[in-house]
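Data block below; observations after.
Values quoted throughout were computed directly from the atomic coordinates according to the rules given, and no laboratory measurement underlies them. These numbers were taken from a predicted model, which means no experiment stands behind them. We place every Cβ from the backbone using ideal geometry, glycine too, and count neighbours over all the protein chains shown.
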Amino acid sequence: MEMRTSPWQLFRFGFVYFNSQSTVFLVPALLASSTYNAWMGVLGGYLLSLILLGAMIYIGSRYPELPWLQFGKSLMGKWLHGVFVILLLAWCVYYTSYDIQSFVLFFGSNYLRNTPPWFLQAVIAPIIMYTAMRGAKNIIYMADGLFVLILASTTLILLLFTQQANFHMLSALPHHLLPSSELFENSLTTLSWFAEWMIFLFIVPDLKLDKNAARSLFAVASVLSLLVITGWLLALMNFGPQLARQFQYPYLEIIRSMEPDSILSKVAPLVIGIWTTSMFIHSSFLIYAASRCATYFTKAKGHRFFIVLMTVFAVCIAFYYSNHLSLYQKHYYSMEVVIIWIVVECIPVYYAAVYLVGLLRRGKSLRLSRR
Amino acid sequence: MDSPRLKALIDLLSHCADIVHKPLEILGQSGVLIYISSITDSFAIQEYIVSPLQMEPRLKEDSWDDFATRLASGIAFPLPYTPTESHIEAADCVVMGKPVLYVEGSPVFYCFEEATQYQKRAITESQNEVVIVGPQEAFIENIGTNLALLRHKLKHPDLKIRRLTIGEYTKSATCIIYVEGLASQELVEQIEGKLASISTKGVFGASYLSESLNTNLTLFPLFQFTERPDAVAASLLEGRIAIMVDGTPSVMMAPMSMISLLQSSEDYYQNFYAASWIRLVRFSFALIALLMPSLYIAITTFHPQIIPSNLLITIASARENIPFSALTEAFVMELTFEALREAGTRIPKPVGQTVSIIGGIVIGQAAVQAGIVSAPMVIVVSITGIASFIIPHIQLGLVLRLLRFPLMIMGGTMGLIGVFAGTFLIYAHVVSLKSFNTPYLEPLAPLIIAEWKDTFFRFPFPARATENLPFNPKRNPKGAGK
Amino acid sequence: MTKWLRYILILSLLLLTCTGCWSKIELDEWVFVYGLFIDVGEQPGTLKVYISTPLPNHLNNGEQSGGNSPGEKPYALISKTADTIPDALQKIQEDMTRRLNLSEIRVIVIGKKFAALGIADLLEWIKRESSVSMGAFMLAADNISDIAQLTPVYEQAPTQVLTSFASERHMMNTTARDCLISNAAGLGFPLTYLYSERIPSEEQPKQILNWTGIGGAALFNKEKMKGRLEIEEGKALAWAYGRLQNPIYSIVWDGEKSRASVLFTQSNSSYEAKLEDGRPVFTIRISGRASVSKVRDIKKRNSLHLSAVIIERLNERIGSEVERAMEATQQASTDVLRLGELLEWKYPSYWQAHREDWEKTYKEGTTIKIITDFKINDFGKQTQDS
């Protein structure tokens, strides 16, 4: 069954995919760690992530019809590739558990206080399972359809955030620049949020990784950094740096600080609902990728079983975290997690490096043989 | 006449009191014409079969052998006829309204075409797909008339009609209609193959076929049914395929997308501004039909802070002393409304007025005044009811009405997240549906902006002149949409 | 396998819906708090908290309120004393048949004594309690219990009257958010100060009404009330704060023989900060567009001269009022306009050095200049000569 593609489809999918985590959960981290200069870290992370994107596109386009699971074996050797597959699988499941737990915390603590977290997790799990079972093609279609809605609601929300924002604060930005020693660390932190490019290797049988894909994904990265910077600026301008860093969910606080009968405060839960759909797409695609990784070891059988299994794992981890909340907070914002994320996100770089080395060696042997 | 073949035929048709056996004599040979008078055109029989045999002067000069030769070569009668050796086939012909002629000395039965005349009703206005401006005629049960109506719309030799007979006892004539060059040839072959492989006792409506054509177990209709010839003609020009079954005025169309179920022919007969506005209203109300009760329940029980404060006090005061929870109230009202709707459809006309009065007074006024349900709930349910009737195609309206109930349960037990989760599940399901290789929610998911000219809006015709064929993307210029 | 899976999924979803709803509360089981009033309790160290709520059961099914007997008010006021605000609310809750819902709080009124002690607890509670809207207006008043029992004439509930004091912007319309921002930044904020009195009703002189009105402004530094302004200076401060709407000023000249009244259709302000010789100099620019509603000019000047005179008088009057207001804020060391933020943005190193003792620096070491810039929009419906 061939896929109906349209121009910029991958951009729409990428936008919806990344929209859930970075735009909402990165901003509090930025506010907590810096005052007026977080934008420099974001730009740094953006530029670094472009390197990873380039590596992913490079290696993906060398083998246009083959999914990474297959060509990786020939490139890295069976055992090393297997290690990477397991690493990616574990990372996908762990990230999904973060997704679930952060959503449960976010939604539960604000709108459904008396409901126990396991209930919310139990509601989310079947939805992720069902969506992941639809396959990458349908997930991309769904993201396609949701794009207009998410774009409209994001724009609306950002516009409404400007209502009470103090734009004079912008004059502070040129006066507060980050020293270069901190710049690298901040860029690394934002890099870990932005650079999940190797997940896009899993779209391969349905879509191709070619120049159009590169263009779409580059646009995704740019729009994303723009949105993060805008969101961060609006939170800053609404509250000032000292108050903003005390909030766990600054966007919700902006909504809470509106006059009680204004449009924004009434429309907020519906906008959050629309955001929730992008979170579902994010988690479902991760579980789908994890199940594909798992079927690498069983020769492409038991796809659905693995989806259920991976989702259950993720929910168990989320459940554990919901009972040990301080551990969750500690892990979520720790440097170790940043390092792990970056190690996993650099997977395309390793493969691209091995491929290039192989090319060089073959070029050398060719030159040797010609003599 | 003692021919064993004739005897076999008469045995097969025994105990059929409406069969007429008309003995004839043709140039010295005896023969018999067997037909059922109620389903044959007696004028045609008299004029074109019997009279030539009995009164044609030229015949009297013929010899039997000449006549037999003419008979065998198919030119003996003004009406076309086919020979058949089997008495079973001849019996089939008789019950299908084709007079059968048997002549002694001839080895075969002759079945006459063009003499069939079933009772049929007049062509009337469309009752279920009402249009204010535009053609008013609708299909009837007779496939010949329906094909005639269609031919009146599309006058081009590329309009192809393939005929099949389905149903052991009903032998319904089924036609696959398409425009060659616009519709996908593979699809036509695929449908024809599937239809040919159906073996069933009888087919009374096109929906009997739909379950064999597509075995996907889903609530959502995967075929579009219509009783308007202009809708069928327009769809054929979009590259779709129509399946017409004798005995029912509903024609099935494939492939389709959910958007086509939200469009009405009227959109093309009105000014494009008005049509675009009405389409937008229709889409929003389709969403309201699905989501309004569940959103109302979820918001009033879990998230009252969303409601504007003056409205909040009004709704809270309306809900004072109501014994049921919002969810129960909504369920009771919705079920009552469903019962009312179904009763209104089935009720015999003389009693129809009573139902509307009872519905209005009992449910609307008395229940609220007695304190059983609250006034805002009645408003919500009424708006939802109206919204579900705005959808032009009743199958989709039924589906949305049905899906309202699980969403209400989820909204009433989990709040807004229940509604979002439920809607997302429905969305995931609908996106993965396919109607013969066409994604069900195209052009929304996958997003193809070029086709939006005819989705939420209706752009004026010159803008659509170079439109792609959404249902046969391979035919599109530059492969667009593929 | 997949069929089995499907059944498990459907069953689990069904079971989940039957597990009971923890957060489900019907609308008629809530009490919506529209106003919160806080003052010190009789015992030192305690707080007395009042809540004002509408009574939906007195508004029967769609009928207008007030259609009932006049003795039945559609609102209720309940109060309890405890050590902290959450404790007081808990005590109130314990006596109630319904759950308290704090998400509709429109107005929070602070008593004079509580303000002087410091409202840090209140601000902290507002920050943490996620159901309370930070867009609630904050007001200060002298006698809380009288204010809470004011007689609403045009509205249904007292909280609607109090909300409109802030939302109509005749003085400040400070919200809880503004207070939180100032508190976190170590700066100050102004609140509208209300007065209350008992007056006989015009229609029935035997009936005594609780009347409340705007009496000026209260100046806070961080969380303590440090000073007060009368109405004139309060209005001027509100103009400098940027929140005033449609103020009316009457001016006299020619030895009080000529008068004019102007209505400002637009009233704006902007600030600038500069460091001159290590000393912060703030320039506050007050601007507005006036519509002259009444003029009586003895000397019958033409419109060009007249507008010049009017603008000059306005500059004088409003400029001096703003100056007095700003001086009062300096005296009270309350940086209510958050002028320190301007220094933080433009001169981060200076701010780092002087942040801790900003109160002292603001009182003694800063200069505030006022520039006024008014324009006349129109002279009303009459020409200048009549």
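Can you give the angle from 0 to 90° between the axis of helix C:158-167 and the longest principal axis of chain C, with both taken from C-alpha atoms, to the nearest 10?
Once rounded, one gets 50 degrees.
Treating the angle as unsigned and between 0 and 90°, give the value, to the nearest 10°, between the Cα long axis of helix C:303-331 and the longest Cα principal axis of chain C.
Orientation of helix C:303-331: about 60 degrees from the principal axis.
Which peptide among C:120-126, B:281-287, A:143-149 comes first, and what is the full order, when sorted by highest mean count of other Cβ atoms within 10 Å?
On the way: C:120-126: 18.1, B:281-287: 16.1, A:143-149: 22.6.
Highest-to-lowest ranking by the protection proxy: A:143-149, C:120-126, B:281-287.
Kirkwood hydrodynamic radius, computed over distinct alpha-carbon pairs, for segment B:4-112: how many Å, to one decimal?
By the Kirkwood definition, the hydrodynamic radius is 14.0 Å.
Applying a 10 Å radius around every beta-carbon, put A:80-90, B:19-29 in order of their mean neighbour count, most first. The partial results should precede the final answer.
Values: A:80-90: 17.2, B:19-29: 14.5.
Ranked by mean Cβ neighbours within 10 Å, highest first: A:80-90, B:19-29.
Taking beta carbons within 10 Å but only from partner chains, what does the mean come to for residues B:418-427?
6
What are the ³J(HN,Hα) values, in whole Hz, obtained from phi via the Karplus relation 6.51 cos²θ - 1.76 cosθ + 1.60 with θ = phi - 60°, for each residue of segment A:92-99 in sequence order, with x given for Gly and Pro?
Computed from phi, the couplings for segment A:92-99 are 4, 5, 5, 5, 4, 5, 4, 3 Hz.
Nearest 10 degrees is fine. How inclined is helix A:303-323 to the longest principal axis of chain A, computing both from alpha carbons?
40
Hey, got the average number of other protein chain Cβ atoms within 10 angstrom for residues in B:219-225?
Per residue, the number of nearby Cβ atoms from other chains is 0 on average.
How large is ³J(HN,Hα) for each residue in segment C:339-355, as worked out from phi by the Karplus curve 6.51 cos²θ - 1.76 cosθ + 1.60 (θ = phi - 60°), to whole Hz, x for Gly and Pro?
My calculation for segment C:339-355 gives 5, x, 4, 4, 5, 4, 6, 8, 10, x, 5, 4, 5, 4, 6, 9, 4 Hz in order.
Just tell me how shielded B:294-306 is by partners: mean number of partner chain Cβ atoms within 10 Å of each residue's Cβ, no decimals.
That average works out to 5.
Fewest to most neighbouring Cβ within 10 Å: what's the order for C:Arg228, C:Arg296, C:Arg289?
C:Arg296, C:Arg289, C:Arg228
Under a cut-off of 29 Å between alpha-carbon atoms, report the lysines in cross-link reach of B:Lys349, not counting same-chain residues fewer than 8 places apart.
Qualifying lysines at Cα under 29 Å: B:Lys120.
Nearest 500 deg cm²/dmol is fine: what mean residue ellipticity at 222 nm does the protein assembly as shown get from its DSSP H runs of n ≥ 4 alone, each adding -39,500 (n - 2.57), divided by its residue count?
So the helix-based figure for the protein assembly as shown works out to -16000 deg cm²/dmol.
List the residues, sorted by chain then number, that are 5 or more residues from C:Ile370 or on another chain and whose placed amide H is less than 5 Å from its amide H.
C:Ile284
Determine, at each q value in 0.08 (inverse angstroms), the log₁₀ of I(q)/I(0) that the Debye formula gives when each Cα of the protein assembly as shown is one equal point scatterer.
Log10 of I(q)/I(0), two decimals: -1.08.
Cα-based Rg of chain B per 2.2 N^0.38 Å, rounded to two decimals?
Cα Rg divided by the expected 2.2 N^0.38 Å: 1.29.
What ³J(HN,Hα) values, in whole Hz, does the Karplus curve 6.51 cos²θ - 1.76 cosθ + 1.60 give for segment B:445-457 when θ = phi - 60°, with x put for Gly and Pro?
Per-residue couplings from phi come out as 9, x, 7, 10, 5, 4, 8, 6, 4, 10, 9, 7, 10 Hz.
Sequence-distant or interchain residues sharing an amide H contact under 5 Å with B:Ile26, placed H: which?
Those lying under 5 Å, H to H, from B:Ile26 are B:Gly31.
Please list B:62-68, A:348-354 highest first by mean number of surrounding beta-carbon atoms within 10 Å per residue.
A:348-354, B:62-68
For chain B, list the DSSP H helices whose alpha carbon atoms reach 20 Å or more along the long axis and whose average Kyte-Doolittle value is 1.0 or above? Let's see the in-between values first.
Numbers: long enough: B:272-302 (42 Å, 1.46); B:326-346 (30 Å, 0.23); B:375-389 (22 Å, 2.01); B:394-414 (30 Å, 1.36); B:416-431 (22 Å, 2.02).
Qualifying helices: B:272-302, B:375-389, B:394-414, B:416-431.
Using amide H atoms built in the peptide plane, which far-off residues or other-chain residues are under 5 Å from C:Asn377 H to H?
Here C:Ala290, C:Ser291, C:Val292 satisfy the definition.
Where does each of B:Phe112, A:Phe71 land when they are ranked from fewest to most other beta-carbon atoms within 10 angstrom? Mind dumping the intermediate values first?
Values: B:Phe112 24, A:Phe71 21.
Listed from fewest to most nearby Cβ atoms, that is A:Phe71, B:Phe112.
Kindly provide the Kirkwood hydrodynamic radius of segment C:197-269 in Å, to one decimal, from all pairs of distinct alpha carbon atoms.
15.5
Which three extents, in angstrom, do the Cα atoms of segment C:230-386 have along their principal axes, listed largest first?
60, 27, 25
Given the Cα atoms of segment C:96-253, and with Rh set as the inverse mean 1/r over their pairs in the Kirkwood sense, what is Rg to Rh to two decimals?
Checking Rg against Rh, the ratio lands at 0.99.
I want to check a number: in segment B:143-256, how many lysine pairs have alpha carbons closer than 23 Å, given a sequence separation of 8 or more or different chains?
4
How do B:Ile394, B:Ile259 line up, fewest other C-beta atoms within 10 Å first? The partial results should precede the final answer.
Working: B:Ile394 15, B:Ile259 20.
If I rank by nearby Cβ atoms, fewest first, I get B:Ile394, B:Ile259.
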